[in-house]
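Encoded as structure tokens, the structure appears first; notes follow it.
Every number here is computed from the coordinates shown, using simple stated rules; none is lab data. Small disclaimer: the values here were computed from a predicted structure and weren't measured. Cβ: placed from backbone, ideal geometry, glycine included. Neighbour counts: every protein chain shown.
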Amino acid sequence: MITTVNMNPCIDRSVMVSDFQVSALNRVLETRIDVCGKGVNVAAALKNLGSSLVCIGLNYSQNKEELENRLQKEGIPYEFVEAQGRIRTNIKVIDVKNHNLTEINERGGAVSAENLEELHRLVRKYAEKSNILVISGSVPGGVTSDIYQKMIENVKDLPVRVVLDAEKELFLNGLKAGPYLVKPNLYELETACGCTCRNHQEIAAAARKVIALGAEVVCVSMGEDGAMIVDREEAVYAPAIAREVKGVVGAGDSMAAGCCLAMEKGLALPEYLRYAMAAAAASLMLEGTAMCRKEDFLYYLDKVKLEKVY
């Protein structure tokens, strides 16, 4: 079983515009609302791909039904620690002409020390019966940047592999606890290593630095430039798959789900990347935060081209 941890649920209001202009009038072509969060997105993708999973984390008392209704509708098992307040709202401005995204995200309501203690117990409970534990996304107000580090340390004695997808201090502190796989984008990788990568060899070298900091596997997403996966033995690159892009919000979460599916099947490292790229491509063809569908994933799986970096 795979457990995904969602600490900062949100209601995404996505507005589609054409040729977005700053400090100017932009007319909305279409609007959609999705109740999600990175852990929820990964869970939804895994559900679509046929994995056995559960989504755990935090929810908020005033409008908790919005998240619960979404998960019930999709048949995703869940268990949440309930905090006071409301689920935050994020604005996603999607430029359909230039294929880019502008995000305006709320922080998320503060949670108590008691909430966090209960959450650590919940993570431990599900990690004990899981093969993979996915920890991803931002954290709400009042939560320190070592929360993911503590979460990983809390399960280090268990035979569960941890996937970490976070940024900034959450990522750097989490590395100290030795997660199995991390999934930074190129900017996050460069920030973590204090470098600028100009080619595939330099990206692989930066990923090796992250491995030296504690991870075993690094999957680097590079948007339209594809992705790379690196461990201590090899580095493999995959160019992006040519396809129509309708939504970019959940592509990274679908990548994480693809990696998890390959891990769950016991496949070799290059297949982690193949599965990740196919899942991302299947997500990009869907609007909003809709996650990859299995039939689209299988269609793109054979279209992924892998290239050995070393």
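Can you pull the semi-axes for region 167-233, root of five times each eigenvalue of the Cα gyration tensor, sorted largest first, whole Å?
17, 13, 11
Counting only Cα, what are the radius of gyration and maximum Cα-Cα distance Dmax of region 65-152, in Å?
Calculated on Cα positions, Rg and Dmax stand at 15.8, 47 Å.
Taking springs between alpha-carbon atoms closer than 10 angstrom, which of Leu29, Leu172, Leu53 fluctuates most in the Gaussian network model of the chain?
Leu29
Simple spin-label model, 7 Å along Cα-to-Cβ: Glu153 to Ala24 in nm?
5.1 nm
Work out from phi, with θ = phi - 60° and the Karplus expression 6.51 cos²θ - 1.76 cosθ + 1.60, the ³J(HN,Hα) of each residue of region 111-119, listed in order in whole Hz, and give x for Gly and Pro.
Whole-Hz 3J(HN,Hα) from phi for region 111-119: 10, 8, 4, 5, 4, 5, 4, 5, 5.
Note down the net charge around Ser138, summing +1 for each Lys or Arg and -1 for each Asp or Glu among other residues with Cβ under 14 Å from its Cβ.
It works out to a net charge of -4.
With springs connecting C-alpha atoms under 10 Å apart, model the chain as a Gaussian network and identify which of Ala207, Ala113, Ala240 has the largest mean-square fluctuation.
Largest GNM mean-square fluctuation: Ala113.
DSSP beta bridges in region 2-308, what fraction antiparallel, as a percent rounded to 5?
40 percent
Rank Asp34, Asp231, Asp19 by mean-square fluctuation in a GNM of the chain with C-alpha springs under 10 angstrom and give only the top-ranked residue.
Judging by the Gaussian network model, the answer is Asp19.
How high is the FRET efficiency from Thr191 to Met1, r the C-beta distance, R0 41 Å, rounded to 0.05?
Computed FRET efficiency for Thr191 and Met1: 0.80.
List, in order, the whole-Hz ³J(HN,Hα) value for each residue of region 54-59 obtained from phi through the Karplus relation with A = 6.51, B = -1.76, C = 1.60 and θ = phi - 60°; use x for Gly and Pro.
3J(HN,Hα) across region 54-59, in whole Hz: 8, 10, 10, x, 10, 9.
Give, in nm to one decimal, the length gained when the segment between Ala212 and Glu79 is fully stretched (0.36 nm per residue of separation minus the Cα-Cα distance).
44.4 nm
Return, for the Cα atoms of region 2-308, the radius of gyration and Dmax in Å, separated by a comma.
Values for region 2-308 (Cα only, Rg and Dmax): 18.3, 55 Å.
Residue-wise, which Karplus ³J(HN,Hα) couplings in Hz belong to region 162-178, taking 6.51 cos²θ - 1.76 cosθ + 1.60, θ = phi - 60°, and x for glycine or proline?
Along region 162-178, the couplings run 9, 9, 10, 10, 8, 10, 6, 5, 4, 5, 5, 5, x, 4, 4, 8, x Hz.
Would you mind calculating the gained length between Lys125 and Lys168 on full extension (0.36 nm times residue separation, minus the Cα-Cα distance), in nm to one decimal?
Difference between extended and current length: 12.7 nm.
If you take every DSSP beta bridge whose two residues both sit in region 182-309, what share of them, in percent to the nearest 5, is antiparallel?
The antiparallel proportion sits near 85 percent.
Per DSSP helix of 4 or more residues, -39500 (n - 2.57); summed, then divided by the residues of the chain. What does that give at 222 nm, rounded to the nearest 500?
Calculated at 222 nm, the ellipticity per residue is -11000 deg cm²/dmol.
Run the dipole for the chain about the Cα centre, Lys and Arg Cβ at +1, Asp and Glu Cβ at -1, nothing else charged, and hand back the magnitude in debye, nearest 20.
160 debye
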